[in-house]
1. With θ taken as phi - 60° and the coefficients 6.51, -1.76 and 1.60, list the Karplus ³J(HN,Hα) couplings across region 149-162 in order, rounded to whole Hz; mark glycine and proline as x.
2. Quick one: what Rg and Dmax do you get for region 57-123 from the alpha carbons, in Å?
3. Per residue of region 31-44, what does 6.51 cos²θ - 1.76 cosθ + 1.60 with θ = phi - 60° give for ³J(HN,Hα)? Whole Hz please, x for Gly and Pro, Karplus curve as stated.
4. Probe of 1.4 angstrom, ligands and nucleic acids ignored: what's the accessible area per residue over region 141-261, in square angstrom?
5. Keeping all protein chains in place and using 1.4 angstrom, which order do 43, 48 fall into by accessible surface area, from largest down?
6. Give me a comma-separated list of calculated 3J(HN,Hα) values for region 210-218, in order, Karplus coefficients 6.51, -1.76, 1.60 applied at θ = phi - 60°, integers in Hz, x for any Gly or Pro.
7. Averaged per residue, what accessible surface does region 1-125 expose to a 1.4 Å probe, in Å²?
8. If amide hydrogens are placed 1.01 Å from N in the peptide plane, which non-local residues have theirs closer than 5 Å to the one on residue 135?
Amino acid sequence: MKIALMDSGIGLLAATAAVRRLRPDADLILSLDPDGMPWGPRTPEDLTGRALDVAEAAVAHRPDVLIVGCNTATVHALPALRARFEPALPVIGTVPAIKPAAAGGGPVAIWATPATTGSPYQRNLIERFGGDATVTEVPCPGLADAVEQADETAITAAVAAAAALTPDDVTTVVLGCTHYELVAERIRAAVQCPGAPRLVLHGSAGAVAAQALRRIGSRPDPGAPPEGTLTVLLSGREGALPPPALTYEEGRLLQAVMPAR
């Protein structure tokens, strides 16, 4: 079994770790774009072109499924990716977990990049899946970039700034950027009010990993032999995980895996 994941940077680590935990025997192909990152400031057309190139590099390794481990790329490039590769290759997008968050009933905050916050895409998801829950959109300037660089000072400042914009009565936070899942507990600590019930966080990694397995007719098998290999592509060139990836638990989970043979 070969599972490919793509993103401009290390935001795909959360989904990659989720796949590794569900199927430690799966061969993983990670396709990043250090030459073109960050994708967020690019025009939709430019981003789509970069995403197609990164996907083509991964598809050359003949995966069984391709996961788009990036919310922004899903918004702008998923239709083009599916048009290019499906039905021969299933393509799984990453969507903010608004539906399960709203099902909890309490006030919800969606932490997302400034470009996504207030966008027609996110507003449509809130309208479709928000139900009766009170939903607050919280922009998080600089947080994804800080996580990408593992810049502790910048992460702390960005999380604090977003927490200050989050209403005190929020019971649930949707992590609307895959990078944010790498610092989920820091976000929880910043938003959690003393004496309040434990804050609920909703990321997308687990659901995306499970959906990828379903699309290829496979099942989770966490007890499978941990023999899955890892191939890292950097703008199409074989390489290694970027050093900042190894500061996160999700990156360290992959560090010991030998490159694909």
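1. Those phi angles translate into 8, 6, 8, 4, 5, 5, 4, 4, 5, 5, 5, 4, 5, 5 Hz.
2. That works out to 14.7, 45 Å for Rg and Dmax.
3. Once θ is set to phi - 60°, the couplings for region 31-44 become 10, 10, 10, x, 6, x, 7, x, 7, x, x, 6, 5, x Hz.
4. Per residue, region 141-261 has 52 Å² of solvent-accessible surface.
5. In descending accessible area the options line up as 43, 48.
6. 5, 5, 4, 5, 4, 5, 9, x, 10
7. On a per-residue basis, 35 Å².
8. Under 5 Å from the amide H of residue 135 lie the amide H atoms of 108, each far enough along the sequence or on another chain.
The values are calculated or read from the model by the stated rules, or taken from the named source; none is laboratory data. These numbers were taken from a predicted model, which means no experiment stands behind them. In case anyone asks, the SASA skips ligands and DNA or RNA and just uses the protein heavy atoms, side chains included. Shrake-Rupley method; radii C 1.70, N 1.55, O 1.52, S 1.80 Å.
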